[in-house]
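To keep things clear, I will list the structure first and then write my remarks on it.
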Amino acid sequence: MTVSQETRRTAAGRPWAWVAAGAVLWAGLFVANEWVWDRLIFDLIGLDGRFGDAVHFFLFDTGKILLLLIAVVFVAAVLRTFVSPERTRELLGGRRQGLGNLAAAGLGVATPFCSCSAVPLFIGFVSAGVPLGITMSFLIASPMVNEVAVVLLWGTFGWRVALAYMGFGLVIAVVAGFVIGRLGLEKWVEPFVYQVKAVTAAEGSRPTWQERFAVGRAEVRTILGRVWPFLVAAIAVGAVIHGWVPQDFFVRYAGPSNPFAVPFAVLLGIPLYSNAAGVIPLIEALAEKGLALGTVLAFTMAVVALSLPEMILLRRVLRPRLLATFIAVVGVGIIGVGYLFNAIF
């Protein structure tokens, strides 16, 4: 056996050692992130004023959000190896309204999927016998109350806001799914959905920790490869807003004194397409400019839960009346949560 082969075997046999070393490195970078940019931007280079603030905002937020994204995606991907979509369908199939909606929303948080998975998940759930309303609770909670949104909100606005967002998001998912289920709208699902036979994954051996960690690393590479251009662009826009846009501009049109700020933010967010990592730098800058917290969080919920691409995908399996009902019920819930946030925080 060569030295390189022996080294690879030793590394493969101790996956936890590499994960622990990576965690220590990650923690060091996260703690040093703000200090490094403070010293570099303000002390060494000597930038000040709006330009210096904007550059610091861009570099600091890019580092912070990328580090958070790496950690959250890795952990979520490893956890996801324990719960497959097939197992999720088994857990939800045959449950009644109410408790079934709550279980579906909870599973949506634990097993987040991107909007591109909306159609295959919907078909898989309905064809496996999961009621329509319960399926909707899962599809609402999965993109809106995902691990990336909660962790980034925690790092940006604090744990109270993050937990409140998660709680209200679960309420929207449960109530909206329950309402849709009680309306009896199954006839507005495209007929071919009920003709698809549910497929169950074959039983296999449980993956090793080495394989689970490999899935986590692959997921980090895939997700970062897809989102980093949008993430950097969003942070750049946020930096411009932070540094140059006058505070009274946003306060005048969408500030706390405007009673229609929340529904306006929701209507503005629906046509946009982004994920939590991309939209949170924007709402951080908007909140600093004086927008009420409930307004910017309602905007966030609308972007991640009612994005135009996801609605286009869902149109393949939902008839227009059901799709419009879905948008209306979720939209009203988000608006209500926005006003409630503004009243509490």
Which residues, taken from the range 249-299, are over 22 Å from Ala141 (Cα atoms) and modelled with pLDDT of 80 or more?
Asn258, Pro259, Phe260, Ala261, Phe264, Ala287, Leu291, Ala292
Residue within the range 324-332 that is modelled with pLDDT of 75 or more and aromatic (Phe, Trp, Tyr) present
yes
What is the residue count in the range 217-248 for residues that are surrounded by fewer than 16 Cβ atoms within 10 Å (Cβ to Cβ), more than 29 Å from Val330 (Cα to Cα) and modelled with pLDDT under 75?
5
Inter-residue pairs, beta-carbon under 6 Å, first over 18 Å from Glu147 (Cα atoms) and of a type in the set (Phe, Trp, Tyr) and in the range 48-76, second modelled with pLDDT under 80 and open to solvent by less than 20 Å² (accessible area, probe 1.4 Å), 6+ apart
Phe57/Ala239; Phe58/Ile235; Phe58/Ala239
Please work out which residue is most open to solvent (accessible area, probe 1.4 Å), limiting yourself to the range 293-330 and to residues that are of a type outside the set (A, V, I, L, M) and closer than 25 Å to Gly238 by Cβ.
Pro309
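The values are calculated or read from the model by the stated rules, or taken from the named source; none is laboratory data. Keep in mind that what you see is a predicted model, and the values were worked out from it rather than measured. All Cβ positions, glycine included, derive from the backbone under ideal geometry; neighbour counts span all protein chains shown. Only protein heavy atoms, including side chains, enter the accessible area calculation; ligands, DNA and RNA are left aside. Shrake-Rupley method; radii C 1.70, N 1.55, O 1.52, S 1.80 Å.
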